[in-house]
Structures are given as structure tokens and as C-alpha cells.
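Everything below concerns the one structure shown next.
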Amino acid sequence: MAEKLKIAILYDTWGEDETEPQPEPKRKSRKRTRRRREKHDREEIFEALEKLGHEPSYLVLDGTDKTLSTLAKSDADLLFNLTESYAGDDTKEMHVAAYLDLLGRVYTGAGPQALYLAQDKSLAKKLFKFHNIQSPYFATCYRGRLDHAEDVKFPLIVKPTSEDGSIGIDQFSVVSSVKELMERIHYIQEEFDSPALIEEYIEGREIYAAVLGNDHPEALPLIELDLSKLPEGMAKVAGTEVKWEKDTEAYKVTKSAPAEDLDEEVTSLLSKTALETYRALQLRDYGRIDMRLTAKGEVYVIEANPNPWLSSNSEFFMAAKKSGLSYTEMVEKIVELARNDRRHRDRLRDN
Ligand SMILES: Nc1ncnc2c1ncn2[C@@H]1O[C@H](COP(=O)(O)OP(=O)(O)O)[C@@H](O)[C@H]1O
Ligand SMILES: [Mg+2]
């Protein structure tokens, strides 16, 4: 086993329990409707770190000044960074990583650059174009101002440019007429105070590629979210119902599993596309790339997720498991990648 490290699991609790008072979000009219799945990855990571012989602890970053100074004083050798927001604002995810950089700390997952590039889906798509990574044609607009427009064709999907966890995405996100399109743009702007990303809707299989590594990142076996059993007439998208609303039919009839019946050529195209995306957005240690595969065998990148959900029922672990890793080994790999990353190597203090 590698040497024993003090590892603090850094996390935020925003959106976890809506019955408890939450800090007032700093951004006006931002709504967080997200509900977490039952298992917290932080508890499973804690157990895995103990099994590996490390000394884990928890460090919550709830957005008060005190937690920032506690973090600055932490004597942990490494931080397992699970934060997704700061003070109820999920656009501040990147600032947490930047703060860790300023403190000179070693931490797992993406740096602020990758968090910035991946969070703004429209910016990420512009980068994809440069790297010849296929992604749906799109337009972005905000309160009458057009940022970018391609000649998009119906059906379209309308989403907030900078959210995750399917916030703002549901069965009504897919639109087939100008009226529906305008209504949905209005909804995204009003509800989320966000520019609307209008993308061509790609009919096809929903494939996720987990990627692990830095100098030589590796795409793990592909996972598919089977949306084919969604009720008749419901758009085949992984919206909030599918991801979070346990009591709905949509949640119950959809499940992720290792992708089957993909031939070698398609598998390698999906994996290659995921790796190109991972590199283009400068993801680090681990990430998950969400793609669509059409009946013709074309691959479209839908989005990249730095620091994806790591619980034992996550797609990321499903892929790691299929590749032969146990949960503990997956956690070990991420810790080792963070420790050995070029940018971090010199920071690790001897103790
Ligand atoms: N252009 C698209 N074509 C087809 N389905 C899409 C498209 N964009 C999003 N979706 C569907 O909506 C889901 C959520 O979109 P995504 O951009 O990944 O949002 P989030 O960041 O909230 O996960 C995707 O997993 C997919 O099912
Ligand atoms: Mg997604």
C-alpha cells in the first residue's frame, strides 16, 4: 500500500435536504430543485479511504467565511474534492478549486480551468468545434441577445447553458414548433435566470464514457442509460424525472448498465471521442462524457462532467467495476492520480 495520508473529504450540502434551511443562494432567482440519490458518495469514499489505510476526515464548505478559514488551516495532505457549489451557487464550483490552488493544496479532480470550460456548455461546444469533436448544432440567446446561432433544425432541445443534474431539463424540453421553442426559451430565462442553449435534438442511444487518468487517460467500458421504456409520447431524455424523481414512472423504467451490442468500431469511436473531449476541456483525474449514438453510428457529445458523482450506484463506478476495479480500488486510483499529477507533485508535504 502507498503511504498513509491525511485525506479530508471536502463537500457542500446545497440541495441535499430541502426540509432543512438552506443558505440563501447568492444569484438572483436561481432555483435548485435537485435532490440527491440516497447514497452519499462521501460516506462510501470515507470507508474506502479507511480500507486503504489512510486517515480520512470530513470538511464541509457551506459558504460561510469560517469554513474558508478552516479549509485554509486544514492539515490534510490531500483533499478529496466533492464540492459542486459555494454558498448555494453552483457557478462557484470553479472558485473552490481555484481557492485550493491558491492555498497550494493537493486535491482530486478538475482544476478551475476545466470546471469553467465544462460548466458553460456553449463555450465547451465552441471548443469542440475547434477540435473537430461532433456536438449538436446550436444557438445561444439571453433576453433577446443572440450570442451565437447556427442554422438549427427542429426538433430542438432547450436547456440552461450552465446547469447540471438535469436542472431545467424535462419532457417538455424537446420542442417541435416555433411557439414551443419561444415558450421554452422564456421558461429557461425566467426560472433559471440563464441564457438558453438551443440544440438540435439527437435521436439515439444515450451512452456515458467514464474516463480515468492524466498523462494517459483511459476510457472505461461504456455505460448506457436505456430510455427506450419511457412512457409513450414522452421525450427520450434524461430529465429531472428520470434522474431524481423516484416515484415517477420515468424514474422506474429507466436504468443504466454496461452498454451491450456495440461493435468494436462504434465502441472505439465513442471512447476516442470521450478522450478527445476530456483533453479538450482539460479534465483531470476522472470525468464522465455524455454522448448520443445515432442509428447511423454517428457520435455526438452532449456534455462533459468534471468530478462526476462517485457513489456505488453511479455510472462512473459501474464503468470502473466493469473494467475490473473494486470501489476501493477506484478511490485509490483517483487519489494516486491526484498525488502524481504534474501540477500537484511538488506540493505534497513529507510527513
Ligand atoms: N442535443 C441533445 N439531443 C438529445 N438529447 C439531449 C440533448 N441535450 C440533452 N439531451 C438529453 O438531456 C439530458 C441532460 O442534458 P445535459 O446537457 O447532459 O444536462 P445536465 O448537465 O443537466 O446533465 C441528456 O442526458 C440527454 O438525455
Ligand atoms: Mg448530463
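The values are calculated or read from the model by the stated rules, or taken from the named source; none is laboratory data. From a predicted model like this one, the values you see are computed outputs, not experimental measurements. Ideal geometry is used to build each Cβ from the backbone, glycine not excepted, and the neighbour counts take in all protein chains shown. To get the accessible areas, we keep the full protein, side chains included, count just its heavy atoms, and leave off ligands, DNA and RNA. Shrake-Rupley method; radii C 1.70, N 1.55, O 1.52, S 1.80 Å.
Label points 7 Å out from Cα along the Cβ direction at Asp261 and Phe172: separation in nm?
My value for the distance between the label points is 3.4 nm.
When all protein chains stay in place, what accessible area (Å², nearest 10, 1.4 Å probe) is found for His95?
Rounded to the nearest 10, that gives 90 Å².
Across 20 Å bins from 0, what is the distribution of all Cα-Cα pair distances for the chain, in whole percents?
Per 20 Å bin, starting at zero, the Cα-Cα P(r) for the chain comes out as 30, 60, 10, 0 percent.
What dipole magnitude, in Debye to the nearest 20, does the chain give about its Cα centre under +1 on Lys/Arg Cβ and -1 on Asp/Glu Cβ?
Rounded to the nearest 20 debye, it is 740 debye.
Given N residues in the stretch 76-198, what is its alpha carbon radius of gyration divided by 2.2 N^0.38 Å?
It is 1.22.
At 1.4 Å probe size, with no ligands or nucleic acids counted, give the accessible surface of Phe172 in Å², nearest ten.
Using a 1.4 Å probe on the heavy atoms, I get roughly 130 Å².
Would you list, by chain and number, the lysines whose Cα falls below 20 Å from the Cα of Lys153, excluding same-chain residues fewer than 8 positions away?
Lys121, Lys125, Lys126, Lys129, Lys179, Lys236, Lys296
Work out, step by step, the length gained on full extension between Phe130 and Glu43: first 0.36 nm times the residue separation, then minus their alpha carbon distance; give nm to one decimal.
27.3 nm
Assuming 0.36 nm per residue, please report the length gained on full extension of the stretch Glu232 to Glu249 beyond their Cα-Cα distance.
Length gained between Glu232 and Glu249: 5.0 nm.
For Ser69 and Thr294, what does the FRET efficiency come to when R0 = 51 Å and r is the distance between their Cβ atoms, rounded to the nearest 0.05?
0.50
Sort Tyr58, Tyr86, Tyr142, Tyr137 from largest to smallest accessible area, using a 1.4 Å probe on the heavy atoms of the protein chains.
Tyr137, Tyr58, Tyr142, Tyr86
What percent do you get for the relative contact order of the stretch 169-249 when only Cα pairs under 8 Å and 6+ apart count?
This gives 31 percent for the stretch 169-249.
Would you please report the Å³ per residue occupied by the convex hull of the alpha carbon atoms in the stretch 132-200?
Enclosed volume per residue, from the Cα hull, is 95 Å³.
For the stretch 140-167 and the stretch 61-105, what is the centre-to-centre distance using only Cα atoms, to the nearest Å?
30
Please compute the contact order of the chain in relative form: average sequence separation of alpha-carbon pairs under 8 Å and at least six residues apart, divided by the residue count, as a percent.
Relative contact order for the chain comes out at 19 percent.
Provide the convex hull volume over Cα atoms per residue for the stretch 203-324, in Å³.
Once divided by residue count, the hull of the stretch 203-324 is 107 Å³.
What does the extension gain come out to for Tyr58 and His216, with contour length at 0.36 nm per residue minus their alpha carbon separation?
Going from the current span to full extension adds 53.8 nm.
Are there any trypsin sites (Lys or Arg not before Pro) in the stretch 149-248 that are in a DSSP loop and have at most 11 other Cβ atoms within 10 Å? List them by number.
Lys153, Lys246
Could you check the spin-label model distance between Leu102 and His148? Points 7 Å from the Cα along Cα→Cβ, value in nm.
2.9
Mind listing which trypsin sites (Lys or Arg not before Pro) in the stretch 280-312 are in a DSSP loop and have 10 or fewer other Cβ atoms within 10 Å?
Lys296
Give me the accessible area per residue for the stretch 132-200, probe 1.4 Å, as a whole number in Å².
It amounts to 49 Å² per residue over the stretch 132-200.
Accessible area of the stretch 169-215 with a 1.4 Å probe: how many percent of it is carbon plus sulfur?
C and S atoms contribute 54 percent here.
What longest range of the chain stays clear of loop-exposed GluC sites (Glu not before Pro) (DSSP non-H/G/I/E/B, at most 15 other C-beta within 10 angstrom)?
39-149
How many Å² of accessible area per residue for the stretch 203-324, probe 1.4 Å?
Each residue of the stretch 203-324 exposes 44 Å² on average to a 1.4 Å probe.
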